[in-house]
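Trainee: For reference, the structure I am asking about is given below.
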Amino acid sequence: MRRFYVIFFLISFLCFGCVSGNRNVEVVSDEVIKLPKWISDQGRLELFPDSNFISQLAYGISAEQAKSKAASNISEYIKSSITSSVTSNYFYKENEAEFSEESSLTENIKITTENDLYKIEYTNPYYYEDLGQYVCVAFINRNEAFNFVKQKLEIGKIEFPLAYSKAMSNESLLDKIIGIKKAQDILKDFYEVYDFARAINPEKCKIYEEIDFLANDSIIKLREFSSDVLIKIEGIGDTTLLQQSGVIPELTNQFTSLGFIVANSAKFNCIALVEVKSFIKKTPSTYETYPELYIKIIEKGVEKISYSKKLTKVAGFDEETVVRRTNIALTNEIKTSFLSKCF
């Protein structure tokens, strides 16, 4: 009898153990096949609603590739949002003359999407066994990203109107032009983030549209004032050296690029006095000189701009070479430095 109970107990124990083991397997199996909610577009939008997030899903052969593709999709989404935006970024497009309107906008997008303006977060990549690929969602919080760039927007919103108003209050044409250009410099940081801000949070960005339109107005006014400048270029000092240097033709080009009208008659409201100096010395092994350039711009008898530059040494094995190199150095100085320092 005792043997019967022992056998019955062993059989009962083994059966109970088998049932328990099957239940554990079933639970593990349920967990393995359970898909993340965000793996479908509907689930993703429930977890990351468009009102608060920008989110993109992507697949890859590795977890890192899935994350990289999802992040790339975020950038493409932002670029697409900027391109399709109703408001135009007038200031940026106007001031990138070397680009067409479309490509200047692309350049602006490049700035806003490659300078850590937003923090991308990710879901844990999930291995989708049916496809043999990893999948994850990249997302950014719209409010957090907007707050990150808000300071630059606020500085432009506060400082630009004041600087622009001050520039417009000047009576002098040149003072107006220089003042407007300085005011526009304030907007460089503003426009570095403005399109991005509109793309991620258009509602919050509406209060800055006025600055964008005011910037456009400043471009129009700047063009008007520049076209009213009738400037005469007059050489002083060694005029022969000046004529040979090519400085006057290059200065004419630079004034024309500003929208000034270079006057060839007695009718003018501004005059540019230009002088170049170059004293070539012969040394035991070479010829050398230190060219100098002087420009003064006078408006209605008042000096408004004074520019002077002593260039670095120009040398050569003969005098003719030194003269040629000096002329190149002087014209390059006008091309590269004059406008940026004076206007």
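The values are calculated or read from the model by the stated rules, or taken from the named source; none is laboratory data. Here the structure is a predicted model, which is why all the values come from computation and not from measurement. Every residue, glycine among them, receives a Cβ derived from its backbone with ideal geometry; neighbour counts consider all protein chains shown. For the accessible areas, the whole protein counts, side chains as well, though only heavy atoms, and no ligand, DNA or RNA atoms are used. Shrake-Rupley method; radii C 1.70, N 1.55, O 1.52, S 1.80 Å.
Trainee: Would you check which residues across the range 274-312 are assigned to a strand (DSSP E or B) and farther than 17 Å from LYS341 by Cα and list them?
Mentor: Of all residues in the range 274-312, those assigned to a strand (DSSP E or B) come to 274-277, 281-282, 287-289, 292-299, 302-310.
Those that are assigned to a strand (DSSP E or B) and farther than 17 Å from LYS341 by Cα: GLU275, VAL276, LYS277, LYS281, LYS282, TYR287, GLU288, THR289, GLU299, VAL302.
Trainee: Further question on the same structure: List every residue pair whose Cβ atoms sit under 8 Å apart, with the two residues 6 or more apart in sequence or on different chains, where the first one lies in the range 135-158 and is without any contact (Cβ under 8 Å) to a residue 60 or more places away in the chain and among the β-branched types (Val, Ile, Thr) and the second, anywhere, is open to solvent by less than 10 Å² (accessible area, probe 1.4 Å) and part of a helix (DSSP H, G or I).
Mentor: Hits for this filter: VAL149/VAL193; VAL149/PHE196; VAL149/ALA197; ILE155/PHE190.
Trainee: Now for a different question. State the number of residues belonging to the range 177-195 that are without any contact (Cβ under 8 Å) to a residue 60 or more places away in the chain and either closer than 17 Å to ASN141 by Cα or open to solvent by 30 Å² or more (accessible area, probe 1.4 Å) (or both). Steps first, please.
Mentor: Taking the range 177-195 first, the residues without any contact (Cβ under 8 Å) to a residue 60 or more places away in the chain are 179-180, 182-183, 185-186, 188-190.
Add one more test, that the residue is either closer than 17 Å to ASN141 by Cα or open to solvent by 30 Å² or more (accessible area, probe 1.4 Å) (or both), and what stays is 182, 185-186, 188-189.
Adding up the residues that qualify gives 5.
Trainee: Whether any residue in the range 203-220 is over 30 Å from LYS119 (Cβ atoms) and basic (Lys, Arg) is what I want to check.
Mentor: no
Trainee: Right, another one. Please enumerate the residues belonging to the range 270-287 that are surrounded by fewer than 17 Cβ atoms within 10 Å (Cβ to Cβ) and of a type outside the set (Lys, Arg). Reasoning before the result, please.
Mentor: Within the range 270-287, the first condition is being surrounded by fewer than 17 Cβ atoms within 10 Å (Cβ to Cβ), and the residues that meet it are 277, 279-286.
Result: PHE279, ILE280, THR283, PRO284, SER285, THR286.
Trainee: Report, by residue number, each residue of the range 138-171 that is of a type in the set (Val, Ile, Thr) and more than 18 Å from the chain's Cα centre (by Cα).
Mentor: Keep residues of the range 138-171 that are of a type in the set (Val, Ile, Thr), which gives 140, 149, 155, 158.
Answer for the range 138-171, where residues must be of a type in the set (Val, Ile, Thr) and more than 18 Å from the chain's Cα centre (by Cα): ILE140, ILE158.
Trainee: While we're on this one: Applying the selection to the range 121-175, what residues are acidic (Asp, Glu), within 30 Å of PRO49 (Cβ to Cβ) and open to solvent by less than 70 Å² (accessible area, probe 1.4 Å)?
Mentor: Of everything in the range 121-175, those that are acidic (Asp, Glu), within 30 Å of PRO49 (Cβ to Cβ) and open to solvent by less than 70 Å² (accessible area, probe 1.4 Å) turn out to be GLU121, GLU154.
Trainee: Could I ask something else about it? Taking SER51, is it open to solvent by 80 Å² or more (accessible area, probe 1.4 Å), at pLDDT 50 or above and either under 30 Å from ALA215 (Cα atoms) or assigned to a loop (DSSP other than H, G, I, E, B) (or both)? Please lay out each step first, then the result.
Mentor: Working: open to solvent by 80 Å² or more (accessible area, probe 1.4 Å): yes; at pLDDT 50 or above: yes; either under 30 Å from ALA215 (Cα atoms) or assigned to a loop (DSSP other than H, G, I, E, B) (or both): yes.
Against the criterion (open to solvent by 80 Å² or more (accessible area, probe 1.4 Å), at pLDDT 50 or above and either under 30 Å from ALA215 (Cα atoms) or assigned to a loop (DSSP other than H, G, I, E, B) (or both)), SER51 qualifies.
Trainee: Would a scan of the range 259-268 turn up a residue that is in a helix (DSSP H, G or I), out of contact with any Lys or Arg (no Cβ under 6 Å at 6 or more places or on another chain) and surrounded by 19 or more Cβ atoms within 10 Å (Cβ to Cβ)? Step through it out loud before you land on a result.
Mentor: First, the residues of the range 259-268 that are in a helix (DSSP H, G or I): none.
So far as the range 259-268 goes, no, none of its residues is in a helix (DSSP H, G or I), out of contact with any Lys or Arg (no Cβ under 6 Å at 6 or more places or on another chain) and surrounded by 19 or more Cβ atoms within 10 Å (Cβ to Cβ).
Trainee: Which residues, counting only those in the range 196-209, are more than 14 Å from ILE155 (Cα to Cα) and loosely packed, with under 13 Cβ neighbours inside 10 Å?
Mentor: GLU203, LYS206 - these are the residues of the range 196-209 that are more than 14 Å from ILE155 (Cα to Cα) and loosely packed, with under 13 Cβ neighbours inside 10 Å.
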